[in-house]
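> Let me begin by handing over the structure; questions about it come next.
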Amino acid sequence: SNDDLATVESFVKQLPKDENNKKLFGAAKGYNVVLVSMESLQSFVIDRRIEGQEVTPYLNRLIKESFYFENFYHQTGQGKTSDAEFIIDTSLFPLPSGAVFFSNAQNVYDSTPNILKKLGYYPAVFHANNRSFWNRGNMYPTMGYERFFSSSDYNITEDNTIGWGLNDISFFRQSVEKLRGLPQPFYSKFITLTNHYPFNLSEKNRLIPEYASGSMTLNRYIPTVRYMDEALKIFFEEMKSAGLYEHSIFVLYGDHYGISHKHHKAMAKLLGKGKINWYDHVQLQRVPLIIHIPGMKGKRMGTISGQVDLKPTLLHLLGVNTDGQLNFGLDLFAGNRPELAVLRDGSFITDRNVFTKNRCYDKATGMVTEPADCEPFKEEAVKRLTYSDSIVYGDLLRFANRAKKL
Ligand code: GP9
Ligand code: MN
């Protein structure tokens, strides 16, 4: 009801206010937006060499001319890729169980595509899978997408199929052709697929060998990540030759983890650690976030952050005011950001501690420490999750005046 909305509103209003980074506000005003969901990509592969070979040579290069957030955590739950999509477009948390894309596809959302549409943007999403998969065909219009390029829009043959479907290289090549025909400025989202569990890749498509450990999953992950990296390189080349690079802002993010806790032993080997504990496990939930604005130098950023932070960040870069929005994230470039990221399972990360499975860890040592160190953030973390949930469960944004105007 309206009262429930008022409660949530007063909570969000007291969240730390963005002291906007004036230098970057509007830095990409009027630009096309290009979002790339990088399937199962975790940060541990960035800048990593295995047997002397880089796992992500292109991303490593791109990062040098971008804003790269190395302490950016995924906040997804059971909805996996779809959860990441939801968080990034709404600055809300996904649900504690199930997937918003299924259970709440008829809600009102103050999502980035809905907001940008009012400002003359054309929102389109590209994903070479079926319309009905993850209920995308219903959820995308709710989120404000005007056009969904799905499997039926692509030329998919036995030859260009890997694992789950169209390979990422062909996906990007075909997508850029479609992108050329869209009205500008566009808000576009590309969802990759090749680096999906169980990470199948035939020998002829491998650009680096499999890893050697007791986990077939981790072993296979390395060449499929390398393949996606190659596809991204080709994507940027294609964007340049299509003349779509210069006036676009690129936001590349890892959607969620690819390697689960079941592979901790092999992961310890890869990371050169004796053992992986739950502290390390939380740190492995970091996914790359790369914001690339052509012509801008960028920077490596240590900001403790999560996927909920993307919506306000992007809107501010586009010069769009976010006052009055019910965002659970904060501009990543704000000067006064509190260092706190909350994961969907209630774990949280601050500049000094990691809280998970009811234990407080010290970041300096990775060891269990005094519960009191984490105490000040515990209630705040739970509140953020539950207030966000109440918006989704109660479809509260339908009562918001801003949303009514959307
Ligand atoms: C497939 C995409 C990826 O359409 O959603 O699958 P997921 O990572 O969500 O299992
Ligand atoms: Mn995924």
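The values are calculated or read from the model by the stated rules, or taken from the named source; none is laboratory data. None of the values given here were measured: they were computed from a predicted structure. Cβ sites come from the backbone with ideal geometry, for glycine too, and all protein chains shown count toward neighbours.
> Being within 16 Å of ligand 1 (Cβ to nearest atom) and not in a strand (DSSP E or B) is the filter here; which residues of segment 25-68 pass it? Break it down into steps so the answer makes sense when it comes.
We begin by selecting, within segment 25-68, every residue within 16 Å of ligand 1 (Cβ to nearest atom); these are 35-42.
Those that are within 16 Å of ligand 1 (Cβ to nearest atom) and not in a strand (DSSP E or B): Glu39, Ser40, Leu41, Gln42.
> Return the pair list, or none, for Cβ contacts closer than 8 Å from residues in segment 56-79 that are closer than 19 Å to Ala341 by Cβ to residues that are among the β-branched types (Val, Ile, Thr) and within 16 Å of ligand 1 (Cβ to nearest atom), at least 6 apart or on different chains.
Correct list of pairs: Phe72/Val287; Tyr73/Val287; His74/Val287; Gln75/Ile87; Thr76/Ile87; Gly79/Val100.
> Restricting attention to segment 271-282, report how many residues are touching a residue at least 24 places away in the same chain (Cβ under 8 Å) and surrounded by fewer than 21 Cβ atoms within 10 Å (Cβ to Cβ).
Step one: of segment 271-282, the residues touching a residue at least 24 places away in the same chain (Cβ under 8 Å) are 271, 277-282.
Narrowing further to those that are surrounded by fewer than 21 Cβ atoms within 10 Å (Cβ to Cβ): 271, 277-278, 280-281.
Residues that pass the stated criteria total 5.
> Which of the residues spanning segment 21-40 are polar (S, T, N, Q), more than 16 Å from Asp89 (Cβ to Cβ) and within 16 Å of ligand 2 (Cβ to nearest atom)?
We begin by selecting, within segment 21-40, every residue polar (S, T, N, Q); these are 21, 32, 37, 40.
With more than 16 Å from Asp89 (Cβ to Cβ) added as a condition, the list becomes 21, 32, 40.
Listed by number, the list holds a single entry, Ser40.
> Does Ser260 satisfy the condition of being under 30 Å from Leu343 (Cβ atoms), out of contact with any helix residue (DSSP H, G or I) (no Cβ under 6 Å at 6 or more places or on another chain), surrounded by fewer than 16 Cβ atoms within 10 Å (Cβ to Cβ) and without any contact (Cβ under 8 Å) to a residue 60 or more places away in the chain?
Working: under 30 Å from Leu343 (Cβ atoms): yes; out of contact with any helix residue (DSSP H, G or I) (no Cβ under 6 Å at 6 or more places or on another chain): yes; surrounded by fewer than 16 Cβ atoms within 10 Å (Cβ to Cβ): yes; without any contact (Cβ under 8 Å) to a residue 60 or more places away in the chain: yes.
So Ser260 passes the test.
> Being hydrophobic (A, V, I, L, M, F, W, C) and more than 9 Å from ligand 1 (Cβ to nearest atom) is the filter here, so list the residues in segment 76-100 that pass it. Walk me through how you get there before you give the answer.
Our first condition is that a residue be hydrophobic (A, V, I, L, M, F, W, C); within segment 76-100, this holds for 84, 86-88, 92-93, 95, 99-100.
Across segment 76-100, the qualifying residues are Phe86, Ile87, Ile88, Leu92, Phe93, Leu95, Val100.
> Another question about this same structure. Taking segment 247-301 only, how many residues are touching a His at 6+ places or on another chain (Cβ under 6 Å), among the hydrophobic types (A, V, I, L, M, F, W, C) and within 16 Å of ligand 2 (Cβ to nearest atom)?
1
> Looking at (1) farther than 28 Å from Gln14 by Cα; (2) surrounded by 21 or more Cβ atoms within 10 Å (Cβ to Cβ); (3) under 21 Å from the mean Cα position of the chain (by Cα), which is the only condition Asp309 fails?
Only one criterion is unmet by Asp309, namely (1).
> Across segment 189-228, what is the total count of residues that are touching a residue at least 60 places away in the same chain (Cβ under 8 Å) and away from ligand 2 (no atom under 16 Å from the Cβ)?
5
> Could you count how many residues in segment 97-109 are surrounded by fewer than 24 Cβ atoms within 10 Å (Cβ to Cβ) and either closer than 26 Å to Lys29 by Cβ or touching a helix residue (DSSP H, G or I) at 6+ places or on another chain (Cβ under 6 Å) (or both)? Outline the logic, then answer.
Taking segment 97-109 first, the residues surrounded by fewer than 24 Cβ atoms within 10 Å (Cβ to Cβ) are 97-99, 102-108.
If we keep only those that are either closer than 26 Å to Lys29 by Cβ or touching a helix residue (DSSP H, G or I) at 6+ places or on another chain (Cβ under 6 Å) (or both) as well, we get 99, 102, 104-105, 108.
Qualifying residue count, segment 97-109: 5.
> Please enumerate the residues belonging to segment 306-321 that are touching a helix residue (DSSP H, G or I) at 6+ places or on another chain (Cβ under 9 Å) and either on the phi > 0 side of the Ramachandran plot or at pLDDT 95 or above (or both).
Residues satisfying the conditions are Gly306, Gln307, Val308, Leu310, Lys311, Leu314, Leu315, Leu318, Val320.
> In segment 69-91, what count of residues is obtained for those that are in a helix (DSSP H, G or I), touching a Phe, Trp or Tyr at 6+ places or on another chain (Cβ under 6 Å) and away from ligand 2 (no atom under 12 Å from the Cβ)? Explain how you work it out, then say what you get.
Step one: list which residues in segment 69-91 are in a helix (DSSP H, G or I), which gives 80-90.
Then keep just the ones that are touching a Phe, Trp or Tyr at 6+ places or on another chain (Cβ under 6 Å); that gives 82, 90.
Narrowing the set further to residues that are away from ligand 2 (no atom under 12 Å from the Cβ) leaves 90.
The number of residues fulfilling the criteria is 1.
> Further, regarding this structure: Looking at Lys29, Lys17, which one is within 19 Å of Ala341 (Cβ to Cβ) and over 20 Å from the mean Cα position of the chain (by Cα)?
Values: Lys29 fails: within 19 Å of Ala341 (Cβ to Cβ).
The match here is Lys17.
> Does Val45 satisfy the criteria of being touching a Pro at 6+ places or on another chain (Cβ under 9 Å), touching a residue at least 60 places away in the same chain (Cβ under 8 Å) and either aromatic (Phe, Trp, Tyr) or under 27 Å from Leu270 (Cα atoms) (or both)? Even if it seems obvious, please write down each step before you answer.
Numbers: touching a Pro at 6+ places or on another chain (Cβ under 9 Å): yes; touching a residue at least 60 places away in the same chain (Cβ under 8 Å): yes; either aromatic (Phe, Trp, Tyr) or under 27 Å from Leu270 (Cα atoms) (or both): yes.
So Val45 fits the description; yes.
> Would you pick out the residues in segment 230-256 that are outside any helix (DSSP H, G or I) and buried (at least 19 other Cβ atoms within 10 Å of the Cβ)?
Correct list: Leu244, Ser248, Ile249, Phe250, Val251, Leu252, Tyr253, Gly254, Asp255, His256.
> Here is a list: Pro94, Pro123. Which entry is within 16 Å of ligand 2 (Cβ to nearest atom) and surrounded by 22 or more Cβ atoms within 10 Å (Cβ to Cβ)? Don't jump to the end; show me each part of the working.
Working: Pro123 fails: within 16 Å of ligand 2 (Cβ to nearest atom).
That would be Pro94, the only listed residue that is within 16 Å of ligand 2 (Cβ to nearest atom) and surrounded by 22 or more Cβ atoms within 10 Å (Cβ to Cβ).
> Do any residues in segment 132-161 that are on the phi > 0 side of the Ramachandran plot have Cβ atoms under 9 Å from those of residues that are at pLDDT below 95 and away from ligand 2 (no atom under 16 Å from the Cβ), where the two are at least six apart or on different chains, and which pairs are they?
Qualifying pairs under 9 Å: Gly144/Leu406.
> Kindly indicate whether His281 is touching a Ser or Thr at 6+ places or on another chain (Cβ under 9 Å), in a loop (DSSP other than H, G, I, E, B) and of a type outside the set (D, E, K, R). Give the derivation first.
Working: touching a Ser or Thr at 6+ places or on another chain (Cβ under 9 Å): yes; in a loop (DSSP other than H, G, I, E, B): no; of a type outside the set (D, E, K, R): yes.
No.
> For Asp110, are the conditions met, namely being touching a residue at least 40 places away in the same chain (Cβ under 8 Å) and within 16 Å of ligand 2 (Cβ to nearest atom)? Write out each step before concluding.
Numbers: touching a residue at least 40 places away in the same chain (Cβ under 8 Å): yes; within 16 Å of ligand 2 (Cβ to nearest atom): no.
Considered against the rule, which asks whether it is touching a residue at least 40 places away in the same chain (Cβ under 8 Å) and within 16 Å of ligand 2 (Cβ to nearest atom), Asp110 comes out as no.
> For Ala99, which of the numbered conditions (1) more than 16 Å from ligand 2 (Cβ to nearest atom); (2) at pLDDT 95 or above fails to hold?
Going through (1) more than 16 Å from ligand 2 (Cβ to nearest atom); (2) at pLDDT 95 or above one by one, Ala99 breaks only (1).
> Something else: Within segment 353-406, can you find the residues that are in a helix (DSSP H, G or I) and among the small types (Gly, Ala, Ser)? If you could, list the steps in order and put the result at the bottom.
Step one: of segment 353-406, the residues in a helix (DSSP H, G or I) are 371-394, 396-399, 401-405.
Within segment 353-406, Ala372, Ala381, Ser388, Ser390, Gly394, Ala403 qualify.
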